[in-house]
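The values are calculated or read from the model by the stated rules, or taken from the named source; none is laboratory data. Keep in mind that what you see is a predicted model, and the values were worked out from it rather than measured. Here the Cβ positions follow ideal geometry from the backbone for every residue, glycine too, while neighbour counts run over all protein chains shown.
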Amino acid sequence: MTITLALSKGRIFDDSMPLLKAAGIEVLEDPEQSRKLILGTSRPDVRVVLVRASDVPTYVQYGGADLGVAGHDILLEHGGQGLYQPLDLGIARCRLSVAVRADFDYAAAVKQGSRIRVATKYTQCARDHFADKGVHVDLIKLYGSMELAPLTGLADAIVDLVSTGNTLKANGLVEVEQIMPISARLIVNQAALKLKREALRALIDAFEGATAARTLRAS
Ligand code: PRP
């Protein structure tokens, strides 16, 4: 019985490696060096598939993967249907924020009953956030380089992930509101959890142990 784990390249992949190690699993190839999309591991019954971050919940939901690691932002946009979410892994931490040009008066723009144009990849989160504030929002869906939107006049503001803040700074934008902290979650296909219960439980427990140990070290 093979266990398939969906990961996305970059921080999620890198931050997941110590967790896998704690479960006694080493990934045999470096995704930055290879163009392969299926990576073997030191356990013949475990493989890793590399997918776009926003596709991880879809793979797990439909059983293309048994489990995966996905950012909370991605899960909120996806909706989380059909997914068991046993664990906040506390990795790939950042925040979802509103940012504007340094010369834009955000406080005036979000007075109750006003209207603002917002460009974002995270339309669901942005819609909810501005609805809570009683602000009418015209959403413009983008797939990347959101920082450009306020600079070119496409939008007044963006809703995007901020980690170090360097990208905003480099583009003359300022973070005016933090919507929520973000970290990556473990997600599991519910049918797989029944069919491959023992193997998946062992993995979830190992991830949980490694996450708890890291939290303890950090405190
Ligand atoms: C995110 C986000 C910003 C950047 C912020 O992009 O969209 O562009 O990171 O990081 P910083 O605050 O440390 O500068 P990511 O690299 O995740 O890729 P994406 O553009 O595909 O979302």
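Values as computed for the structure displayed
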quantity	calculated
Flag for GLY144 being free of Cβ contacts under 8 Å to residues at least 24 places away in the same chain and either over 18 Å from the mean Cα position of the chain (by Cα) or crowded, with 22+ Cβ neighbours inside 10 Å (or both)	no
Residue count for region 1-53, restricted to those that are in contact with a helix residue (DSSP H, G or I) (Cβ under 6 Å, 6 or more places away or on another chain) and part of a helix (DSSP H, G or I)	3
Candidate set from region 160-208 (those that are assigned by TED's automatic domain parsing to the domain that holds GLY24, free of Cβ contacts under 8 Å to residues at least 40 places away in the same chain and closer than 24 Å to ASP15 by Cβ); member that is farthest from the ligand (Cβ to nearest atom)	ARG201
Checklist (1) in a helix (DSSP H, G or I); (2) within 14 Å of the ligand (Cβ to nearest atom); (3) closer than 30 Å to GLY63 by Cα applied to LEU151, failing item	(3)
Test: LYS141 is modelled with pLDDT of 95 or more and within 14 Å of the ligand (Cβ to nearest atom)	yes
Close pairs from region 48-73: first closer than 17 Å to ASP14 by Cα and more than 16 Å from the ligand (Cβ to nearest atom), partner hydroxyl-bearing (Ser, Thr, Tyr) and part of a helix (DSSP H, G or I), Cβ under 9 Å, at least 6 apart	VAL48/SER16; VAL49/TYR59; GLY68/TYR59
Answer from PHE130, PHE104 - the residue that is crowded, with 20+ Cβ neighbours inside 10 Å, away from the ligand (no atom under 16 Å from the Cβ) and farther than 30 Å from ALA210 by Cα	PHE130
Any hit, region 14-21, residues being surrounded by 21 or more Cβ atoms within 10 Å (Cβ to Cβ) and farther than 30 Å from GLN178 by Cα	yes
Pairs with Cβ under 8 Å, 6+ apart, first in region 109-127 and closer than 12 Å to LYS141 by Cβ and modelled with pLDDT of 95 or more, second surrounded by fewer than 19 Cβ atoms within 10 Å (Cβ to Cβ) and hydroxyl-bearing (Ser, Thr, Tyr)	LYS121/TYR143
Filtered residue count, region 191-219, keeping only those that are polar (S, T, N, Q) and either surrounded by 13 or more Cβ atoms within 10 Å (Cβ to Cβ) or not in a helix (DSSP H, G or I) (or both)	2
Residue list for region 154-165, restricted to those being closer than 19 Å to ALA107 by Cβ and outside any strand (DSSP E or B)	ALA155, ASP156
